[in-house]
Every structure is written in structure tokens, then in C-alpha cells.
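Okay, so here's the structure we're looking at.
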Amino acid sequence: MKNLIFILLIFIVNLQANNYGALLFNGNCTTCHFETKTISAPSVVEFKKRYKEAFLNREDFIENMATWVQHPDAKTSIMLDAIEKHELMPELGFDEDTLKQIISYIYDTDFTKKQNINNLSIK
Ligand code: HEC
């Protein structure tokens with residue numbers, strides 16, 4: 001019974017967040033990456049812009065970012081300036097499929113038009 005309630009709860013939370021990628025993005029990436037402000041790591045808007053410049057379609061963007069986030073490495077970084085400024089991002093231990101869901105959400109969301117708690121709390 002407890003398990004069922006837990007599963008239902010997860011299901012509802014998922015529905016509210018609209019998709020799994022959004023949920024995981026907000027629970028994980030945003031602890032370091034604010035959406036529009038660069039503080040302890042480049043903002044999502046910033047790294048999204050850099051990846052869009054380097055990889056011209058959605059598929060390449062998602063593929064390359066997922067590969068990098070799975071194993072952050074200065075040798076394959078396209079943002080060496082960010083590593084110099086903030087140090088290399090730690091490895092988080094997500095599998096490739098999960099990362100692709102998170103990164104699809106990043107690709108499809110316009111963070112400059114969204115208000116959220118992260119942006120409000122550091123004004
Ligand atoms: C513990 C803090 C932390 C978390 C959590 C984190 N990042 Fe990062 N990330 C950083 C820092 C610091 C940098 C800048 C230095 C670098 O590029 O390694 C960075 C850089 C990046 C870059 C630039 C890559 C490049 O070419 O250098 C991408 C893309 C990225 N993060 C995506 C993500 C995604 C997606 C998540 C969530 C799944 C995430 N990060 C979670 C700290 C974090």
C-alpha cells in the first residue's frame with residue numbers, strides 16, 4: 001500500500017513537471033547551473049548558446065552534450081574558459097538515456113522567457 005501511494009505520488013509529480021527530463025533537470029542541474037545567471041557555473045542559457053553554435057541541429061546538440069556530461073573532460077570541452085573560471089564539472093553518474101531526456105528538455109525550453117525560483121532568489 002505504501003509503495004502504491006509512493007508510485008502514485010511520483011506519477012503526479014511527473015505529470016506536473018510535464019516530463020521526466022524537466023523533473024531531473026530541476027532536481028540536479030540547477031543546483032549548480034542557474035537558468036539565466038552565471039554564478040558558480042555557466043548559466044543554462046550560456047552553455048545552451050555555446051552548444052547551439054557548435055552543433056547545428058537538435059540531434060547533434062543532444063548527442064554531444066549527453067556524451068560530455070556523462071564524462072566531463074577538459075579535452076572534449078567546448079568551454080575551456082568556463083573550466084578555467086569554475087573548475088571542471090564533476091561526473092554525476094547519469095546514464096546516457098536519462099541525460100538525453102534532460103538535454104531534450106534543455107533544448108526545447110526557452111529559459112529566457114521563464115520565471116522560476118532560481119532566478120528569483122538571487123536578484
Ligand atoms: C556540482 C555542480 C554541477 C552540476 C550538478 C552540474 N554541472 Fe554542468 N558544469 C558545472 C561547472 C562548474 C561547469 C563549468 C566548467 C566545465 O565546463 O566543466 C559546467 C559545465 C557544463 C557544460 C559545458 C560543457 C563544456 O563543454 O565544457 C554543460 C553542457 C553542462 N555543464 C551541463 C550540465 C547538465 C545537463 C547538468 C545536469 C544533468 C549539469 N551540468 C550539472 C557544474 C555542475
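The values are calculated or read from the model by the stated rules, or taken from the named source; none is laboratory data. Keep in mind that this is a model prediction, so the values were computed, not measured. With ideal geometry, Cβ positions are generated from the backbone for all residues, glycine too; neighbour counts draw on all protein chains shown.
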Report whether or not Asp95 is more than 10 Å from the ligand (Cβ to nearest atom), more than 11 Å from the chain's Cα centre (by Cα) and not hydroxyl-bearing (Ser, Thr, Tyr).
-> yes
What is the number of the single condition among (1) modelled with pLDDT of 95 or more; (2) surrounded by 15 or more Cβ atoms within 10 Å (Cβ to Cβ) that Cys32 does not meet?
-> (2)
What's the number of the condition Thr38 fails, among (1) surrounded by 15 or more Cβ atoms within 10 Å (Cβ to Cβ); (2) within 11 Å of the ligand (Cβ to nearest atom); (3) at pLDDT 95 or above?
-> (3)
For segment 28-62, name all the residues that are without any contact (Cβ under 8 Å) to a residue 12 or more places away in the chain and more than 16 Å from Phe111 (Cα to Cα).
-> Glu53, Phe55, Leu56, Asn57, Glu59, Asp60
Of a type in the set (Phe, Trp, Tyr), within 7 Å of the ligand (Cβ to nearest atom) and surrounded by fewer than 19 Cβ atoms within 10 Å (Cβ to Cβ) - does that describe any residue in segment 44-58?
-> no
Picked from segment 33-67 (must be assigned to a helix (DSSP H, G or I) and among the aromatic types (Phe, Trp, Tyr)), the residue farthest from Pro90 (Cα to Cα) is Phe61
